[in-house]
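For reference, the structure is listed below as structure tokens.
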Amino acid sequence: MNTTAARSPRRVDGWEKVTGGATYAIDVDLPNTAFGAIVRSERAHARIRSVDTHAAAATAGVVAVIGGADLKGIEPRFGHIIADHPVLAIDKVRFYGEPVALVVADSRAAAFDAAALVDVEYDELPPLMNAAEALA
């Protein structure tokens with residue numbers, strides 16, 4: 001009787017992963033690499049009154065700060081079948097955590113530090129609790 005079929009094969013990289021010695025793509029630093037950090041909505045349903053990126057853009061190492069308003073002139077939406085999801089929120093946010101801005105910098109730390117400086121002001125909108133309200 002062949003008992004090897006009942007056992008999982010030994011993972012070649014198993015020991016390195018378990019002991020923390022494995023190298024992942026995020027661990028590799030290549031020259032001239034830019035890093036991004038997403039600024040996400042802290043509201044579930046709101047109009048975007050303003051996105052102030054000045055402090056973030058002035059941070060050392062920041063290459064660019066992009067908000068939804070900066071996407072004018074290009075197709076700002078994506079989707080699996082139809083392009084119905086905004087890349088960055090434009091005019092309003094529709095769920096908590098929706099991407100509002102992108103900070104690009106020359107290091108991960110600079111990108112995340114600058115993202116914390118992006119100031120987004122919202123006007124709360126009433127929650128939509130069913131499909132009929134959402135369609136209206």
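Just so you know, in the range 80-93 the residues that are free of Cβ contacts under 8 Å to residues at least 40 places away in the same chain and open to solvent by less than 30 Å² (accessible area, probe 1.4 Å) include one that is farthest from A114 (Cα to Cα), and it is P86. Among the residues of the range 80-109, the ones that are among the charged types (D, E, K, R), within 30 Å of P126 (Cβ to Cβ) and assigned to a loop (DSSP other than H, G, I, E, B) come to 4 in all.
Pull up the range 3-14, narrow it to residues that are open to solvent by less than 100 Å² (accessible area, probe 1.4 Å) and in a loop (DSSP other than H, G, I, E, B), then point me to the one that is modelled with the highest pLDDT. So, considering only residues that are open to solvent by less than 100 Å² (accessible area, probe 1.4 Å) and in a loop (DSSP other than H, G, I, E, B), the one modelled with the highest pLDDT is D13.
Mind listing whichever residues of the range 44-79 are hydrophobic (A, V, I, L, M, F, W, C), closer than 17 Å to Y122 by Cα and either open to solvent by 90 Å² or more (accessible area, probe 1.4 Å) or in contact (Cβ under 8 Å) with a residue 60 or more places away in the chain (or both)? Matches in the range 44-79: A44, A46, I48, V51. Of everything in the range 35-79 that is in a loop (DSSP other than H, G, I, E, B) and of a type in the set (S, T, N, Q), the residue that is farthest from M129 (Cα to Cα) is T59. Quick one: would you say R40 is over 19 Å from the mean Cα position of the chain (by Cα) and not β-branched (V, I, T)? So R40 fails the test. Considering the conditions (1) in contact with a His (Cβ under 9 Å, 6 or more places away or on another chain); (2) within 29 Å of A25 (Cβ to Cβ); (3) not aliphatic (A, V, I, L, M), G67 is excluded by exactly one of them, (1). More than 30 Å from N32 (Cβ to Cβ), out of contact with any Cys (no Cβ under 9 Å at 6 or more places or on another chain) and open to solvent by 60 Å² or more (accessible area, probe 1.4 Å), is that true of Y96? Yes; evaluated as a whole, the condition is true for this residue. If I go through the range 99-134 residue by residue, how many of them are surrounded by 13 or more Cβ atoms within 10 Å (Cβ to Cβ) and over 26 Å from A57 (Cα atoms)? The number of residues fulfilling the criteria is 2.
Take the range 15-38 and flag every residue that is surrounded by fewer than 10 Cβ atoms within 10 Å (Cβ to Cβ) and not charged (D, E, K, R). Correct list: T19, G20, G21, T23, Y24, A25, I26, V28, L30, P31, N32.
The values are calculated or read from the model by the stated rules, or taken from the named source; none is laboratory data. In this text, all values refer to a predicted model and were calculated from it rather than measured experimentally. We place every Cβ from the backbone using ideal geometry, glycine too, and count neighbours over all the protein chains shown. The accessibility values were calculated without ligands, DNA or RNA, using every heavy atom of the protein model including side chains. Shrake-Rupley method; radii C 1.70, N 1.55, O 1.52, S 1.80 Å.
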